[in-house]
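The values are calculated or read from the model by the stated rules, or taken from the named source; none is laboratory data. Since the structure is predicted, the reported quantities are computational estimates derived from the model, not experimental observations. Neighbour counts are summed over all protein chains in view; Cβ atoms, including those assigned to glycine, are modelled from backbone coordinates with ideal geometry.
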Amino acid sequence: MFTLYRFIVALLFYLSLPFLLLLVMITGKHRRGLPQRFGYYPVPVEKSSPGTTVWMHAASVGEVRAAKPIIAELEKQLPDIRIILTTMTVHGRRIALSQLDASIPCYLAPLDVPFITARAIRRIQPDIYICIETELWPVLLDSLARRKVKLYMVNGRISEKSHRKYQRMRWLVGRVLQRFDRMAVISARDRSRYISLGADPRSISVEGNVKYDFFLPPDFNEVEKKYSELLKITDEEVLVAGSTHTGEERLLLDLYSEFAKERSTLFIIAPRHVERIPEIEKELHSRNIKYQLFSSIKSRGELRGEHILLVDTLGELASIYSVAHFVFCGGSLVKKGGHNLMEAAVWNKAVFYGPHIDDFHDAADLLDAGSCGFMVPTIAELNSRIRYYRNHLEDYQTACLQAGRIARAQQGSARRQVHFLLAGKAEKKHQHY
């Protein structure tokens with residue numbers, strides 16, 4: 001059956017290839033990095049040094065960030081390791097190049113087509129392949145398994161929506177999952193879902209979420225002081241809306257307009273995708289609201305004089321949370337699955353988020369149980385909650401400290417996951433975090 005699947009995929013791809021190439025030439029879309037999509041990587045066919053070659057695959061930005069602690073742990077536990085990272089998106093690769101060590105090559109992932117995957121494997125020659133979360137490319141994984149490459153999954157998770165979709169393709173998904181030698185997954189719920197799809201229970205261990213391995217810098221007080229001074233924060237109330245998506249800024253600006261009438265408020269908006277900045281600027285212009293870009297203050301030395309700040313640089317949000325009085329985590333008032341609540345919580349910040357938090361339900365459950373994560377189904381409820389805690393500051397401070405304790409209790413997942421993968425104890429007792 002799988003041989004037939006490979007044949008059909010190859011046939012459909014090569015029949016459509018002339019039209020796809022014509023489309024690329026006309027539109028220019030996907031032209032960048034096209035050779036890499038076909039498995040032509042600028043790495044030597046022969047390994048340049050002895051040791052273990054690890055091919056790590058991360059879909060996009062979130063997975064690239066999760067890769068950092070995994071890579072650090074691999075380098076501790078495997079001598080002479082050689083790591084190559086691939087991403088599905090151009091944006092993910094750009095982040096990887098900017099955030100990972102320069103010695104780690106970062107490429108775009110190959111198309112999941114026979115011959116192309118074979119070429120990529122010949123170029124990289126991996127001993128181990130690690131996918132971050134549920135990146136199931138049937139042809140690639142089958143090709144790697146045929147070549148006796150060890151297949152590992154880290155930070156495995158599967159949403160209810162994806163689980164329903166995969167159930168309809170269980171004949172294919174089950175075979176792919178059985179190819180994995182070991183799977184380190186986030187929660188017991190994820191483990192059950194993988195098993196229901198056909199994964200071998202003996203290969204799976206629950207080891208927590210790598211994305212919650214946030215360690216405050218040793219000088220965290222200095223970080224807060226630095227950003228307070230940079231942004232000229234004195235007695236203002238600071239609201240930070242992190243990782244927002246289309247539709248959310250409009251709602252949040254309604255909230256800001258109301259708050260601004262009552263007190264001095266600094267509202268910091270950090271969209272998930274910085275390329276959306278012009279879209280947000282257009283909304284601000286339509287409301288005649290003045291604003292500044294974070295880059296103009298940090299890079300060009302402007303003094304902050306406005307009460308709306310748009311974060312148009314990468315890698316700043318985690319530190320900006322340090323100066324927040326109230327934090328809203330985006331991608332959750334709209335159906336985007338939410339974003340990482342622990343990124344703010346580790347700074348002793350209670351977190352507000354919308355109802356669409358599917359991708360980080362485990363973090364939401366932990367914070368909710370500790371009464372320090374607050375689901376707000378509407379912007380009106382967010383308004384009401386913030387007003388309540390303004391008048392009950394002692395309760396709010398207790399919630400913030402609890403959020404920090406819970407976030408820090410989740411740390412160490414990267415170490416546990418890598419230990420599980422490399423120890424070869426797939427039959428170990430399954431732990432629940």
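Just wondering, is there one or more residues in the stretch 109-116 that are closer than 30 Å to LEU4 by Cα, under 20 Å from the mean Cα position of the chain (by Cα) and aromatic (Phe, Trp, Tyr)? Explain how you work it out, then say what you get.
Within the stretch 109-116, the first condition is being closer than 30 Å to LEU4 by Cα, and the residues that meet it are 109-116.
With the extra rule that they be under 20 Å from the mean Cα position of the chain (by Cα), the set shrinks to 109.
Checking the rest, the ones that are also aromatic (Phe, Trp, Tyr) come to none.
No, the stretch 109-116 has no match at all.
Scan (1) out of contact with any helix residue (DSSP H, G or I) (no Cβ under 6 Å at 6 or more places or on another chain); (2) acidic (Asp, Glu); (3) at pLDDT 90 or above for the single condition GLU224 breaks and write down its number.
Among (1) out of contact with any helix residue (DSSP H, G or I) (no Cβ under 6 Å at 6 or more places or on another chain); (2) acidic (Asp, Glu); (3) at pLDDT 90 or above, the lone unmet condition for GLU224 is (1).
Return the residues of the stretch 392-426 that are hydrophobic (A, V, I, L, M, F, W, C), surrounded by fewer than 17 Cβ atoms within 10 Å (Cβ to Cβ) and either in contact with a Pro (Cβ under 6 Å, 6 or more places away or on another chain) or farther than 25 Å from PHE180 by Cα (or both); say none if nothing qualifies. Steps first, answer last, please.
Let us first name the residues in the stretch 392-426 that are hydrophobic (A, V, I, L, M, F, W, C), namely 393, 399-401, 403, 406-407, 409, 414, 418, 420-423, 426.
The next check asks that each one be surrounded by fewer than 17 Cβ atoms within 10 Å (Cβ to Cβ); those that pass are 393, 401, 409, 423.
Within the stretch 392-426, LEU393, LEU401, ALA409 qualify.
Cβ contacts < 9 Å: first residue farther than 11 Å from LYS232 by Cβ and in the same structural domain as LEU231 (by TED's automatic domain parsing), restricted to the stretch 288-313; second residue of a type in the set (Lys, Arg) and not in a loop (DSSP other than H, G, I, E, B), any location; separation 6+ or different chain. Result?
What qualifies is THR313/LYS298.
Just for the stretch 144-180: of the residues that are polar (S, T, N, Q) and under 23 Å from the mean Cα position of the chain (by Cα), which one is modelled with the lowest pLDDT?
Filtering the stretch 144-180 for residues that are polar (S, T, N, Q) and under 23 Å from the mean Cα position of the chain (by Cα), the one modelled with the lowest pLDDT comes out as SER159.
For GLY338, state whether it is in contact with a Cys (Cβ under 9 Å, 6 or more places away or on another chain), farther than 22 Å from PRO217 by Cβ and crowded, with 16+ Cβ neighbours inside 10 Å.
yes
What is the residue count in the stretch 278-305 for residues that are surrounded by 15 or more Cβ atoms within 10 Å (Cβ to Cβ) and either of a type in the set (Phe, Trp, Tyr) or closer than 22 Å to VAL323 by Cα (or both)?
Total satisfying the criteria: 9.
Tell me, which helices (runs of 4 or more DSSP H) wholly within the stretch 26-103 include 3 or more residues that are modelled with pLDDT of 90 or more, touching a Leu at 6+ places or on another chain (Cβ under 9 Å) and surrounded by fewer than 16 Cβ atoms within 10 Å (Cβ to Cβ)?
No helices (runs of 4 or more DSSP H) qualify here.
Can you tell me which residue among HIS273, HIS285, HIS325 is in contact with a strand residue (DSSP E or B) (Cβ under 6 Å, 6 or more places away or on another chain) and of a type outside the set (Gly, Ala, Ser)?
Checking each option against the conditions leaves just HIS325.
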